[in-house]
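Take a look at the structure below.
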Amino acid sequence: MSSSKLETDKQAGLLQGKVCVVTGSSSGIGKATASGLAALGATVVLACRDFVRGELARQEIVRESNNQNVSVDLVDLARLNSVRSFADDLRQKFSHLDVLVNNAGIYSSKRVVTADGFDATFEINHLAHFLLTNLLLDLMKASAPSRIVNVSSEAQSRGHINFNDLQGGRKYSGWKSYSQSKLANVLFTYELARRLEGTGVTANCVHPGTVRTNFARSNGGLLGLIVRLFAPLMLSPKQGAKTVIWLASSPEGAHSTGKYFSKQSEIKSSKESYDLEVAKHLWDVSCELTGLGQV
Ligand SMILES: NC(=O)c1ccc[n+]([C@@H]2O[C@H](COP(=O)([O-])OP(=O)(O)OC[C@H]3O[C@@H](n4cnc5c(N)ncnc54)[C@H](OP(=O)(O)O)[C@@H]3O)[C@@H](O)[C@H]2O)c1
């Protein structure tokens, strides 16, 4: 048997018996991540908002990975009650949770207000994942060693947390709202890792690269046009998912926490992302907005 075949066979069982949840796995980086985790033997829950898109992704992932243990569970990250029901459902179905990938995200050139009354980018990209993670933390601590991977973006480097107008209600810019939300992903990861010290649960975040997905495609804005024009030069979703899968599954990934990665290497994030006061304040505000109380 060749050494590469041996390596593939060894890897195939790496996540056997592990339960992994991936948000936004109906397309793009999330779907490729879910497929990669399924190929490593995991039981994978596709956290999707639309059953048909989720089911189509599930069938493709089962075919690709040759793993039947892939299911769709519905969650609309634009509704915090839906996040709560999803977390309850997950707790009923599984006695352990080994990997949570907070991946779903949007870019919106126009301000969209959700039924909860939040800016959609802020709620979907940050608040909903903040709530979901906190609701699942007990289960993840009981399942330790376990891992949380947050999909951020290099857009974080241009982001600023504007506590005076977090929801863009006074002055909205699609780019500012998106980069703020991606900086929030990094600040959340670092603060979470500090709070999880000694629990055996790790939290890291990722810039996946510039990836050819549905991301920002339907937006009428400049970004939508750029994304459509430069699509052929971008990474494939499989390439974009590589670092996420590596952090979620590899022995090397197990040793790191509170870090930001690109191309399977640690990189520095923006100066603001290391500000402990901003991280603490964002945590407290997020608790208040999600109705979590102090955690
Ligand atoms: N593509 C890039 O170049 C790039 C670069 C840096 C970072 N990222 C980050 O990568 C992550 C994944 O994006 P992608 O590029 O793979 O884009 P994508 O193909 O548009 O995937 C986004 C996923 O999020 C889901 N989603 C959107 N709104 C949701 C909601 N309310 N509730 C539940 N799920 C929802 C989408 O579901 P539907 O199928 O139902 O729409 C889809 O599965 C995002 O966090 C993005 O910020 C992407």
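The values are calculated or read from the model by the stated rules, or taken from the named source; none is laboratory data. Note that the structure is a prediction, hence the values are computed from the model and not measured. Note that each Cβ is placed from the backbone with ideal geometry, even for glycine, and that neighbours are counted across all protein chains shown. Accessible surface is based on the protein model in full, side chains and every heavy atom, while ligands, DNA and RNA are left aside. Shrake-Rupley method; radii C 1.70, N 1.55, O 1.52, S 1.80 Å.
Could you please find all residues in the stretch 128-164 being open to solvent by less than 30 Å² (accessible area, probe 1.4 Å), part of a helix (DSSP H, G or I) and either of a type in the set (Gly, Ala, Ser) or more than 11 Å from the ligand (Cβ to nearest atom) (or both)?
Let us first name the residues in the stretch 128-164 that are open to solvent by less than 30 Å² (accessible area, probe 1.4 Å), namely 128-134, 136-137, 139-140, 143, 146, 148-153, 155-156, 159, 161.
Of the ones still in play, those that are also part of a helix (DSSP H, G or I) are 128-134, 136-137, 139-140, 155-156.
Listed by number, the residues that qualify are Ala128, Phe130, Leu131, Thr133, Asn134, Leu136, Leu137, Leu139, Met140, Ala155.
Within the stretch 228-235, is even one residue open to solvent by 20 Å² or more (accessible area, probe 1.4 Å) and touching a strand residue (DSSP E or B) at 6+ places or on another chain (Cβ under 9 Å)?
Within the stretch 228-235, one or more residues are open to solvent by 20 Å² or more (accessible area, probe 1.4 Å) and touching a strand residue (DSSP E or B) at 6+ places or on another chain (Cβ under 9 Å).
So, in the stretch 190-219, how many residues would count as being within 16 Å of the ligand (Cβ to nearest atom), open to solvent by less than 80 Å² (accessible area, probe 1.4 Å) and part of a loop (DSSP other than H, G, I, E, B)?
Residues in the stretch 190-219 being within 16 Å of the ligand (Cβ to nearest atom), open to solvent by less than 80 Å² (accessible area, probe 1.4 Å) and part of a loop (DSSP other than H, G, I, E, B): 7 in total.
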The condition from (1) away from the ligand (no atom under 11 Å from the Cβ); (2) at pLDDT 95 or above; (3) outside any helix (DSSP H, G or I); (4) not aromatic (Phe, Trp, Tyr) that Ala248 misses is numbered (3)
Could you count how many residues in the stretch 114-132 are out of contact with any helix residue (DSSP H, G or I) (no Cβ under 7 Å at 6 or more places or on another chain) and touching a residue at least 12 places away in the same chain (Cβ under 8 Å)? 5
